[in-house]
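The values are calculated or read from the model by the stated rules, or taken from the named source; none is laboratory data. What you see is a predicted model; the values in this text were computed from it and never measured. When we count neighbours, we look across all protein chains shown, and the Cβ atoms used for this are built from the backbone with ideal geometry, even at glycine. What goes into the accessible areas is simple: the full protein's heavy atoms, side chains included, and nothing from ligands, DNA or RNA. Shrake-Rupley method; radii C 1.70, N 1.55, O 1.52, S 1.80 Å.
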Amino acid sequence: MLDLGRLRALHAVSVHGSVAAAATALGYTPSAVSQQIAKLERETRTTLLERQGRGVALTEEARHLAATAQELLAIVERAETTLEERRGQPTGQLAIGAFATAARGLLPGVLAELGRRHPGLDARMTEVDPHLSIDLVARGMIDLAVAHDWDIAPLPAPEGVEQAVIGDDLCDLLVPEGHALAARASVRRDDLAGQRWICQPPGTVCHDWLIRTLRAAGCEPELAHQAEEYHTQVALVAAGLGIAMIPRLGRGVLPAGVVAVALDPVPKRRLYALWRTGAARRPAITATVGMLRGHWVGVGGDTAAA
C-alpha cells in the first residue's frame, strides 16, 4: 500500500520543480521531503529523482506516479469536503496562497478572524505570485488563492477552478514633495511624459501594465530604478529619485516627502479569490471568501466590483 503522505511529497516536487520549493509549499524541511521521496523509492523499488545540475529531475516513472497521486489527492479532497459539509462548520486545514501586498495588507486580519470564529479550521497562508497561484489551485497544492489582474492582463481561470471578485485596488501616482505634479488635484496619463520612473522589474504584471499604459498615452517611459517591493519604491520616491504608480493595498502610511496624486482615469487592479470546483461546497471556502470581501472594506478597497 503506497503511503499518501509520500505521494503528496512527490506530487509537490512535480508541481514546484524542486525539493526546496516543495518543502516550502508543504511546510516541511527539504530534508523531510527528501526522506519521504527516498522511502517511496524503496516502497516502489523505483528511482524517482535523478540529479540534474544542482537540482533534481523526475524520472518518467515518477511523472506517471505523480499524475496518479494528483488523482488520489483529488479523491481525498472530495471525501474531506463531504465530511466538512455534513458538519456544517469550517474545519480541517485550508492552504491559502496570496500575492505580496495582499499577504501584508489583507490576509492578517482575515486569518485572525478565521481563527477566532472557527477554531476547528487551521488556515495557513503562503506568499505566492498571483499567476503561479492559479496553477497551484488547479493542481491541488493550495485550496484557495488571492490573486489580481489588470485590464491589460485578464486573470485566466482554467477549467475546474472557480473565482469570485473581492474588490478593486485603486492606484495612485506617488511623487516627491516639491515635484511639479505634487500640487495637482489630479493628473492625466498624457501629462506624464519626460518623467523618471520607479517600477517593478520586467516580467511582472505591474511592470508590463505601466509600460503599455504609458505607451498608449504616447509616452516612452524612462525606467530609472526597478525594485520588487512597493515599500522600496516608496523609499526611492521619498529620496527624490523618480515617480511611481503604486496600488493602495499594503502600501501603508506614506513617509514624509512623498505625495499621492490622483490619476484620471484611476488605474485599478481587481482582486479575486479562486478555488477548485470540487471544493466549492466546503464551508471553509465560503467562510474565507466572505471574510475576504468583508475585510476588503476595512482596508479601503473599492467594493463596487464585488
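Examine segment 165-173 for a residue that is more than 23 Å from Gly240 (Cα to Cα), surrounded by fewer than 17 Cβ atoms within 10 Å (Cβ to Cβ) and either in contact with a helix residue (DSSP H, G or I) (Cβ under 6 Å, 6 or more places away or on another chain) or modelled with pLDDT under 90 (or both), and state whether such a residue exists. There is no residue in segment 165-173 that is more than 23 Å from Gly240 (Cα to Cα), surrounded by fewer than 17 Cβ atoms within 10 Å (Cβ to Cβ) and either in contact with a helix residue (DSSP H, G or I) (Cβ under 6 Å, 6 or more places away or on another chain) or modelled with pLDDT under 90 (or both). Between Glu41, Glu71, which is among the acidic types (Asp, Glu), assigned to a helix (DSSP H, G or I) and at pLDDT below 90? Checking each option against the conditions leaves just Glu71.
Summed over segment 168-226, the residues that are touching a residue at least 40 places away in the same chain (Cβ under 8 Å), of a type in the set (Lys, Arg) and within 25 Å of His148 (Cα to Cα) give a count of 3. How many residues does segment 268-289 contain that are touching a Lys or Arg at 6+ places or on another chain (Cβ under 9 Å), open to solvent by 10 Å² or more (accessible area, probe 1.4 Å) and part of a strand (DSSP E or B)? Number of matching residues: 1.
Of Ala157, Ala235, Ala193, all but one fail to be among the small types (Gly, Ala, Ser), part of a helix (DSSP H, G or I) and open to solvent by 20 Å² or more (accessible area, probe 1.4 Å); the exception is Ala235. Number of residues in segment 16-72 that are over 26 Å from Ile134 (Cα atoms) and open to solvent by 60 Å² or more (accessible area, probe 1.4 Å): the value is 13. Note on segment 103-142: residues that are in a loop (DSSP other than H, G, I, E, B), closer than 14 Å to Ala273 by Cα and in contact (Cβ under 8 Å) with a residue 40 or more places away in the chain amount to 2.
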